[in-house]
Amino acid sequence: MSRSTRTTFHSSRRRGHSALGYFLRLGVVCCFVLLMIRPLAGRAAQAAPALQPAIVTILQGKATVIRGVSEYDVLEGMRFLADDIVKTEDDTFLRVEYADQSWLELGPQTELQLRPLTSRRAKRPGLYLLHGWLKLEGKPGADTGQGIAVPGADLADISGVLVVHLETQSLVVFAEKGAARWVDRAPHSANAIPLRNGDFLLTDPNSAPKVQSRPTAQFVAALPRPYRDTLPARYSIYANKIVSPKEERSFSYSEVEPWVNGEPTIRRQFVATWRRRIREVDFRDSLDRQMQLHPEWDPVLHPEKYEPPAQVEATHPKPLIQSSAGSVSDPR
């Protein structure tokens, strides 16, 4: 074997060993990284459990859901998503169930925005009741404590069965079984009222909240009939079925006006959600007419008002040039 051949052979072997060593080192590093990441991923999964699907298991009457910029009819077996706005009509009863056996029931003439019941996003409770009837069962425990937001207040740490009715700013809450806590969200307010089993809370804008030991006869008489019974779980019937919403359509401004004009903590989200609707003349004009009720829409509809002022360049007159003959000439 010639010297040049031996040199080439040994060089090839060295390159081969070098490449093999590189890949071996790379494999060791990758294994080390995977071993380090695995426990962290496990802890992250425990801290942020998978969201539970909310399934409609009973629907009597008619209900609609606004999802993004579209509206659909609610169907039995369909899944609600986070941020869906559900609206029921007269004489409607709607039951939603979760995998952990928690549930909620909407009565007639109710509007509710849903988030996952374990939602911690923006420190908002899992549900926002704009008006109407709501009954739900919450699971006890710090990790599963559920909450309902209503205009101006929160119902927090719900464990057991709670019935809520909100009408024209008057709120009544019946702790049918278990406990909860009512919290006033007014600025600088320290009001927090614990509710125990059987307590009945009445709140009104014109008077201080008060707790009674039993519900009023008026409340009992108005209670939706399905609320009087304990209904069996039906989650397993629909858990493995996919029921897709049908008849997608647009919604009018009047249908979402109470949400657009709601309290700031709830209405600001809709600037991003419904921004595309300003392309429609009717929707845009309606927003513009009531701008004082939702000023966060003004930069969207009138961006020119929020543009920085144009910088005007300063102009200085050029100096006159004096010639050697003593005459003055203008350089222009």
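Residue-wise test of (1) at pLDDT 95 or above; (2) surrounded by fewer than 13 Cβ atoms within 10 Å (Cβ to Cβ); (3) at positive phi.
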| site | (1), (2), (3) |
| --- | --- |
| P187 | no, yes, no |
| I193 | no, no, no |
| G198 | yes, no, yes |
| T203 | no, no, no |
| S207 | no, yes, no |
| S213 | no, yes, no |
| A221 | yes, yes, no |
| P224 | yes, no, no |
| R228 | no, yes, no |
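When the residues of segment 69-89 are filtered to those that are at pLDDT 95 or above and in a loop (DSSP other than H, G, I, E, B), the one that is surrounded by the most Cβ atoms within 10 Å (Cβ to Cβ) is V74. Checking each residue in segment 56-65 for being out of contact with any helix residue (DSSP H, G or I) (no Cβ under 7 Å at 6 or more places or on another chain) and assigned to a strand (DSSP E or B) picks out V56, I58, L59, Q60, A63, T64, V65. Selection of segment 171-185 for residues being at pLDDT 90 or above and under 17 Å from L129 (Cβ atoms) yields L171, V172, V173, F174, A175, E176, A180, R181, W182, V183. Being touching a strand residue (DSSP E or B) at 6+ places or on another chain (Cβ under 6 Å) and in a loop (DSSP other than H, G, I, E, B) holds for only one residue in P232, P215, and it is P215.
The values are calculated or read from the model by the stated rules, or taken from the named source; none is laboratory data. Just so it is clear, the structure is predicted and the values come from calculations on it, not from any experiment. Glycine also receives a Cβ, built like all others from the backbone with ideal geometry; neighbour counts cover every protein chain displayed.
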